[in-house]
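Shown next, in structure tokens, is the structure this report addresses.
The values are calculated or read from the model by the stated rules, or taken from the named source; none is laboratory data. What you see is a predicted model, and the numbers here were worked out from it, not measured in a lab. Counting neighbours? That spans all protein chains shown, and the Cβs are built from the backbone with ideal geometry, glycine included.
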Amino acid sequence: MRRGGDWLWNRGRVQMNAHKREYLSLAIRAQSAVRFLRIFAKARFGRRLRACSSALICGFAALLSGAAAACKGTVYLTLDTGHMGPAEEIAAILKKHDVKATFFLANEKTLRGGASLDRAWAGYWKARVEEGHAFGSHTWRHWYFRGDAGERVNYVPWAKAKGEALDAQALCAELKKPDEVFKAMTGRALDPIWRAPGGKLTPNAIKFAEACGYRHVAWSDAGFSGDELPSERFPSDALIKKQLANIRDGDILLWHLGIWSRKDALWPKLDDLISGLKAKGFCFARITDHPRRTR
Ligand SMILES: [Zn+2]
């Protein structure tokens, strides 16, 4: 992205940091000037000049917001459902940093009993909708796609040998159910995106989902948080350090709303990761804002 323009963006950013105060005072002065122009235009020249001052206002606004929004790159934080233990805390971290993320939702068993798409979670999901995040399907039952057989795909529960062979219609229903339940709870449909449990795909799963209107979203190697890895072998600080060193522009980050197996949870460090990436000049966006969503 913007390969040729990187240097300019970087320069813009450095300059903005060095002259932060000047920018602030410029913004305040611009606001006052715009206010004066409005009053002046109203009093003396009527409609024509008012239109002119509006154009000036827009120009100033674009200039100022452009300066504030200079990003060294954009990364896409995605959060798959899990046991939901830290769901509120993670939402608070996102809010604190004003980060818009993308949630992939399956009806998963939760720590407090019930499942992540029960009515009991309606308030949680509504609040996330109000914050302006993006949402995709993570299947309803969170089973795994384990190979194709003719015009079907094998869909198998975790640690089981056998499951169901889904045809295109059945797979579509499996993706649509979280969508319907989410819409009934929040009034908003999911975005037309999905993520296979464990990221495990087959050609039929991709094809059936696309025919059903859902595009698959994977994640980047550098963006794999490791929140599902054993903490004995993958300590939190080392995982975050590695990500801060390796994440690049355009990367898709993978985290979960609660992991059953990890002893020392990684999620409190999401705060540090976001701070660190922002300090490096990265901005965060929803996957639906991604210029080239790939599988
Ligand atoms: Zn999952």
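General observations
- Matching residues in region 138-150 - criterion: being part of a loop (DSSP other than H, G, I, E, B) and within 16 Å of the ligand (Cβ to nearest atom): His138, Thr139, Trp140, Arg141, His142, Trp143
- Of all residues in region 77-105, those being among the hydrophobic types (A, V, I, L, M, F, W, C) and more than 16 Å from the chain's Cα centre (by Cα) number 1.
- Val153 of a type in the set (A, V, I, L, M), touching a helix residue (DSSP H, G or I) at 6+ places or on another chain (Cβ under 6 Å) and in a strand (DSSP E or B): yes
- Residues satisfying the stated conditions in region 196-212, i.e. within 16 Å of the ligand (Cβ to nearest atom), part of a loop (DSSP other than H, G, I, E, B) and more than 17 Å from Ala173 (Cβ to Cβ): Lys200, Leu201
- Within region 92-123, being away from the ligand (no atom under 16 Å from the Cβ), aliphatic (A, V, I, L, M) and within 18 Å of Met185 (Cα to Cα) holds for Ala120, Ala122.
- Within region 267-287, the only residue that satisfies the criterion of being of a type in the set (Phe, Trp, Tyr) and over 15 Å from the mean Cα position of the chain (by Cα) is Trp267.
- Among the candidates Ala173, Ala189, Ala165, the residue that is within 27 Å of Ala127 (Cβ to Cβ), in the same structural domain as Thr102 (by TED's automatic domain parsing) and away from the ligand (no atom under 16 Å from the Cβ) is uniquely Ala189.
- Flag set for Leu253, criterion: of a type in the set (A, V, I, L, M), within 16 Å of the ligand (Cβ to nearest atom) and either closer than 26 Å to Tyr124 by Cβ or assigned to a loop (DSSP other than H, G, I, E, B) (or both).
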